[in-house]
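Asks: The following block contains the structure, expressed as structure tokens.
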Amino acid sequence: MELSQLGIFLTVATEKSFSRAARRLHRTQPAISLAVQRLEAELGEKLLDRSLKDGTLTDAGRVVFEYAQKFDSMRREMANALTELRNQYTGKLIIGANESGALYLLTHIEKFHALYPGVKVEVRRALSRNIPNEVSDNTLELGVVSYRPGDKNLNSIVIYQDAVAFIVHPEHRFAKRKQVSIRDLSTETIIAHNIASPYRQLVMDAFQRHRVQLNMDIEMPTVETIKKLVQSKMGVAFVPRMCAQPEIAAGLLATVPMKELQVARKIHLVYPSHRHLSHAARAFLDLVKVAAET
């Protein structure tokens, strides 16, 4: 059985006419009829009810029609994949990141889009702890995390050097101080991110290590809502510095150094160590590597 025969049968069944199928395929009607007859002979089943003139399919014909549609879909997918293989300026790139992780991609995406405007870039929101597994199983092509994965099947490159910042309202009693101690926070309301992360754990460990009460009375799902509550004088918080930089620059928030909790935050772009990358993913990775070296 040849795929071309299935394609001809699919066209006949879709058009419900040998003559219309012949015109659509730029073939003669006898050639179309002969191709369908050969397919029927090979399968040992009649696919069209020729007693009717409306292209009615037999039961076997309906089964073959469904499979022919699947083959045609796969053929088109293969053609698209080969087009991408020949031309890295088209295709789609899927990168996984959590809320704050997406911010570290903005500069790179801007440069990438200028170089490859034909590539569709999708940053898919994902939990940081799940991203390495999703890159490993090819759900994501690349991923952004704030830690180095321990999976031997993954490589990573540092794309940003950030830090955990202690933020307060500009009118808060700590705002004008050059430094604050973790012991000063025993009576403060800490507005926390309710998603587990290595940096959330570092903050919790620091309070426990210094035997300071941690009043984590408010937990929020996003950094944006945490910043809004700090601006509303509801409490203080620990957030990635980059996420709060616009508000700090605008005077809406203040950041105060804390001597017991100075945590560097390295942002990693994760990619497979062995699996083949699409041209789009490879081009993005190369761009990021060049930026990291400068």
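Asks: Kindly evaluate residue 45 against the criterion of being at pLDDT 85 or above and part of a helix (DSSP H, G or I).
Replies: no
Asks: A further question on this structure: Going by the conditions given, is residue 24 free of Cβ contacts under 8 Å to residues at least 24 places away in the same chain and in contact with a helix residue (DSSP H, G or I) (Cβ under 9 Å, 6 or more places away or on another chain)?
Replies: So residue 24 passes the test.
Asks: Next question, about the same structure. Kindly provide the set of residues from the range 41-82 that are under 30 Å from residue 119 (Cβ atoms) and of a type outside the set (S, T, N, Q), ordered by number.
Replies: Listed by number, the residues that qualify are 70, 71, 72, 74, 75, 76, 77, 78, 79, 81, 82.
Asks: For the range 137-154: of the residues being over 11 Å from the mean Cα position of the chain (by Cα) and not in a loop (DSSP other than H, G, I, E, B), which is surrounded by the most Cβ atoms within 10 Å (Cβ to Cβ)?
Replies: 145
Asks: Restrict the check to the range 207-230 and report whether at least one residue is surrounded by 19 or more Cβ atoms within 10 Å (Cβ to Cβ), assigned to a helix (DSSP H, G or I) and over 31 Å from the mean Cα position of the chain (by Cα).
Replies: So far as the range 207-230 goes, yes, one or more of its residues are surrounded by 19 or more Cβ atoms within 10 Å (Cβ to Cβ), assigned to a helix (DSSP H, G or I) and over 31 Å from the mean Cα position of the chain (by Cα).
Asks: A further question on this structure: Restricting the first residue to the range 1-20 and requiring it to be assigned to a helix (DSSP H, G or I), which pairs with a second residue that is among the hydroxyl-bearing types (Ser, Thr, Tyr) meet a Cβ separation below 6 Å and a spacing of at least six or different chains?
Replies: Here the result reads 18/33, each pair linking the range 1-20 to a residue that is among the hydroxyl-bearing types (Ser, Thr, Tyr).
Asks: Something else: Can you name the condition, by its number, that residue 52 falls short on among (1) closer than 20 Å to residue 73 by Cβ; (2) free of Cβ contacts under 8 Å to residues at least 12 places away in the same chain; (3) of a type in the set (A, V, I, L, M)?
Replies: (1)
Asks: A further question on this structure: When the range 264-284 is examined, which residues are found to be aliphatic (A, V, I, L, M), buried (at least 18 other Cβ atoms within 10 Å of the Cβ) and not in a strand (DSSP E or B)?
Replies: 280, 281, 283
Asks: Turning to a different aspect of this structure: On the basis of being hydrophobic (A, V, I, L, M, F, W, C), in contact (Cβ under 8 Å) with a residue 24 or more places away in the chain and surrounded by fewer than 14 Cβ atoms within 10 Å (Cβ to Cβ), does residue 175 make the cut?
Replies: no
Asks: Continuing with this model, one more query. Hey, can you tell me all the residues within the range 50-83 that are surrounded by 14 or more Cβ atoms within 10 Å (Cβ to Cβ) and among the acidic types (Asp, Glu)?
Replies: Passing the criteria: only 72.
Asks: So, in the range 245-263, of the ones that are loosely packed, with under 11 Cβ neighbours inside 10 Å and without any contact (Cβ under 8 Å) to a residue 12 or more places away in the chain, which residue ends up farthest from residue 166 (Cα to Cα)?
Replies: 250
Asks: Return yes when residue 82 is over 17 Å from the mean Cα position of the chain (by Cα) and among the aliphatic types (A, V, I, L, M) and no when it is not.
Replies: yes
The values are calculated or read from the model by the stated rules, or taken from the named source; none is laboratory data. This is a predicted model, so every value here is computed, not measured. Cβ atoms come from the backbone with ideal geometry, glycine included; neighbour counts cover every protein chain shown.
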